[in-house]
Amino acid sequence: MFRAVFIAVLFCLMGLTQACFAAVSLSVNPADGSNSLRFNRVPNAQMDNKEEIHIRINSSNGGQYQVFQRILEPIENEKGDALNLQAIGTQTLSNSNSSGTLYLQNSDHLSMGDQLLYSSSQEGTSDSFIIGYSLDRSLINASGSFRGRLVFTVRGMGNASSDQVTIDVFLETSPSLKVMIKAARQSNRVHIQGTDTSEKTADSVNISFSGNTGQEIRIYQEIESMPQNETEEELGTDVIQLDAQGQTEGLRIQDPGRLNPGRTLIYSSNKDEDDFIIYFLVNPEQIQTQDAGSYVGRIKYIVQTDQNSQEFPMGLQFDLPPVFTMNVTTPPGGVSFSHVLANSPPQDKEVLVTVLSNLHKPYQVIQDLQSDMTNSQGKQFDSRYFNVQVEIPPGQRGQTDFVEFSQVKTGEYPIYSSDAKGSGVTFKVEYRLQGYDQMSPGDFLAPIRLSLNQK
């Protein structure tokens, strides 16, 4: 009986010894040969960093086991800012194992909780597999040097043993390039008025950037469509001028320049941050060539580095109100003649007339002499000795019947007629008064009125 008990105890001890020496162990090796999961400095938001870890499980107990991963220590930068875990994707690589079942074959993000990666066969055969990690730069919410820890755990089913391996996670990110471009009056539209002839009144586009990290940055302005009015007439390229303001050597607009169709480089530098303003000014000498109305087009700004390109489209509108005005500059005292005697030399008085019009319709300048001139005693001046001449300078359009001195008659009549397009003009009207025999001397004031009429 003693022998039977001894044999039973011996078998029991042998079974216990076998259980005690049965083991499952884990080895974790990053593919780059290091002992950590390290993401190099990420160059830009359009490139992903990808890393791999090779995991091997040695099992000698013949029992099924499972492999898990989780974040052991939060991934934080030197300021204590936690990394957005959505930025790191993780996924096992299909067919990288020999037996058992791979989990997490669809990409997911890292988690503080256990993530099942692998489950062995029932026999608990030793195996290996690969797990990948990808970094989405666009989801990183802070910059700096990040550090954290991952833990991998293999657990035997039932009473089998387990094992753990921890590795450090390192991640370096540069400050991301941040660009702000918006118009002053309306953030998404440049709205220019016909009176915007100076920077004090003109609409503008404010441009600023930061986080460039020393790479060359280029900013272009592109006119996608030149402004057109409701009749599809295009705005002249000389009507709008560009000017820039900013304490920076990167500006490529040095003096007011025309609004060129297509793409134009307006800024380039290697500065980490900068800001400047683009003004849209109206050239008063050119608006006369444009019909009144609202001109609508499209403009965009393109910000480029070697790894990145961003576009900022916006509307472009120019409102030109109707203009039909005349400015008359008379000599001091008006068209008046003093101390006129019979033998006095002729006296000339010059009047300058300027007409501005964008209506593109023909017009006339009308002269109205309401009555013949008289002196202080009421004595009438003979109008045969009061003459007018109109001088239209070279390059100015239009015509007159008074190319030589002719008598000024009472009543209304045109002294200037525009061309068929109603072009603006500046011309001179010269009035001459000549004394004559048996006249009543004195001072004479011509009651002349000039007016502007459309044909």
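When only C-alpha pairs under 8 Å and at least 6 residues apart count, what is the relative contact order of segment 54-196, in percent? Once normalised by length, the contact order is 31 percent.
So for segment 96-199, considering every pair of alpha-carbon atoms, how many percent are separated by more than 19 Å? Result: 66 percent of Cα pairs exceed 19 Å. Spatially, segment 129-151 and segment 386-455 are offset by 85 Å when compared through their Cα centroids. Taking a quarter of the surface of the Cα convex hull of segment 136-190 gives a mean projected area of 7.1 nm².
For segment 263-371, the normalised intensity computed at q = 0.13, 0.14, 0.17 Å⁻¹ comes to -0.79, -0.85, -1.02 (log10 of I(q)/I(0), Debye sum over alpha carbons, equal scatterers, no solvent). Between the helical axis of 2-21 and the longest alpha-carbon principal axis of the chain there is an angle of about 20 degrees. For the Cα trace of the chain, dividing Rg by the Kirkwood Rh returns an Rg/Rh value of 1.45.
Using C-alpha pairs under 8 Å with a sequence gap of at least 6, the mean separation divided by the residue count of the chain gives a relative contact order of 12 percent. For segment 54-156, the spread of Cα positions along the three principal axes, ordered from largest to smallest, is 48, 22, 18 Å.
Short to long, the 10 Å bins of the Cα pair-distance histogram for segment 312-455 hold 11, 37, 27, 14, 6, 3, 2, 1, 0 percent of all pairs.
The aspartates and glutamates within cross-link reach of K379, meaning a Cα-to-Cα straight distance under 12 Å and a gap of 8 or more places when in the same chain, are D443. Residues H360, H191, H339 ordered from highest to lowest accessible area at a 1.4 Å probe: H339, H360, H191. Relative to its Kirkwood radius, the Cα radius of gyration of segment 231-300 gives an Rg/Rh of 1.04. Of the cross-linked pairs K200/K421; K182/K271; K50/K79; K349/K409, those separated by over 27 Å at the C-alpha level are K200/K421. Helical runs assigned H by DSSP (4 residues or longer) give the chain a calculated mean residue ellipticity at 222 nm of -1500 deg cm²/dmol, each run adding -39500 (n - 2.57) before division by the residue total.
The values are calculated or read from the model by the stated rules, or taken from the named source; none is laboratory data. Because the structure is predicted, anything quoted here is derived from the model rather than measured. The accessibility values were calculated without ligands, DNA or RNA, using every heavy atom of the protein model including side chains. Shrake-Rupley method; radii C 1.70, N 1.55, O 1.52, S 1.80 Å.
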